[in-house]
Every structure is written in C-alpha cells, then in structure tokens.
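Rule-based calculations on the coordinates, nothing more; no lab input. Treat the numbers as computed from the prediction; the structure is a model and nothing was measured. When we count neighbours, we look across all protein chains shown, and the Cβ atoms used for this are built from the backbone with ideal geometry, even at glycine.
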Amino acid sequence: MSIKTVIVLASDLPTGLAANFAAVLGMSLGQHSPDLVGNDTASADGVLLKGITTVPLPILCAPESDLPGLFHAAEELPIRFAYMRAAFEASDYADYTLRINSALFEEQIPRGILLSGARKEVDRICGQLPLLR
C-alpha cells in the first residue's frame with residue numbers, strides 16, 4: 001500500500017504563520033511516526049546531518065471554512081492532526097489544553113491539518129486542493 005501524507009493550511013494565513021503551522025504539524029508527525037524520519041547522514045567531509053523525512057510532505061491550502069469538513073472526512077485515516085486556532089492564541093501548552101478541553105470541536109477552528117494514510121484515500125479527501133503558494 002502506498003502511503004501519502006499532506007498538510008492542508010488555511011489559505012488566508014500569512015507566509016510566516018503558514019510556515020510555522022506546517023513546521024508544528026511536521027514535528028507532530030515525526031513524534032507520532034518516527035519511522036518516517038531517516039537515519040543521520042554524513043557529508044563527504046564528515047559533517048553529520050540529522051535525518052529528515054523520508055516521505056514527501058506537500059503543503060496544500062484550502063479556505064478555513066473547509067478544514068473542519070476535511071478533518072472529519074479523514075476520520076478513518078491512521079493519522080490526522082489538527083492545528084487549532086487555540087494553539088495560536090494560547091500563551092503556553094497548559095493554556096492550549098485548557099482551551100481545547102473547554103469547547104466542542106465544532107466550536108473550535110482548525111487552521112491547519114495533517115492527513116496520512118493510503119494514497120487513494122488521501123487523494124479522495126484532498127486531491128483537488130492546490131499547493132500553497
């Protein structure tokens with residue numbers, strides 16, 4: 001089975017926030033699936049470079065209003081993460097968890113999501129979305 005992983009960000013994010021949100025979601029993926037991070041590699045002159053992702057990770061975009069539906073459509077995928085507005089607004093992780101725990105998912109706003117699973121299923125959910133530019 002061919003695996004596909006994508007990040008989908010709200011299309012109205014400024015460049016700096018989009019880069020940050022993608023980095024946060026990628027970091028979460030690396031923590032959850034360390035097998036997707038390759039081995040350390042040395043350059044010809046012996047400089048050791050830490051392993052990076054072994055899978056492509058395209059960054060797509062969609063209107064913010066579409067993100068909850070995309071997240072719910074991915075319910076059966078083995079991996080799906082959401083970067084909620086609360087993460088952007090919170091002062092620290094304790095504040096973030098309090099904000100998340102205090103409201104229903106439908107009352108919160110995802111600003112980015114990461115989906116990973118069978119290529120066919122990921123493409124079915126977000127295959128028509130454009131790359132972030």
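Numbers for the structure displayed
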| read-out | value |
| --- | --- |
| Loop trypsin sites (Lys or Arg not before Pro), segment 20-93, which have at most 14 other Cβ atoms in a 10 Å radius of their Cβ (DSSP) | 50 |
| Exposed-loop-free span, longest in the chain, where GluC sites (Glu not before Pro) count as exposed if DSSP calls them loop and at most 10 other C-beta atoms lie within 10 Å | 1-74 |
| Ranked 5, 97, criterion: other C-beta atoms within 10 Å, fewest first | 97, 5 |
| Using a Förster distance of 41 Å, the FRET efficiency for residue 123-residue 49 (Cβ separation, nearest 0.05) | 0.85 |
| Neighbour-count ranking [beta-carbon atoms within 10 angstrom, fewest first] of 41, 53 | 41, 53 |
| Gyration tensor (alpha-carbon) shape descriptor, segment 1-74, a/c threshold 1.5 | prolate |
| Helix runs (DSSP H) in the chain reaching 18 Å along axis by Cα, Kyte-Doolittle at least 0.5 | 15-32 |
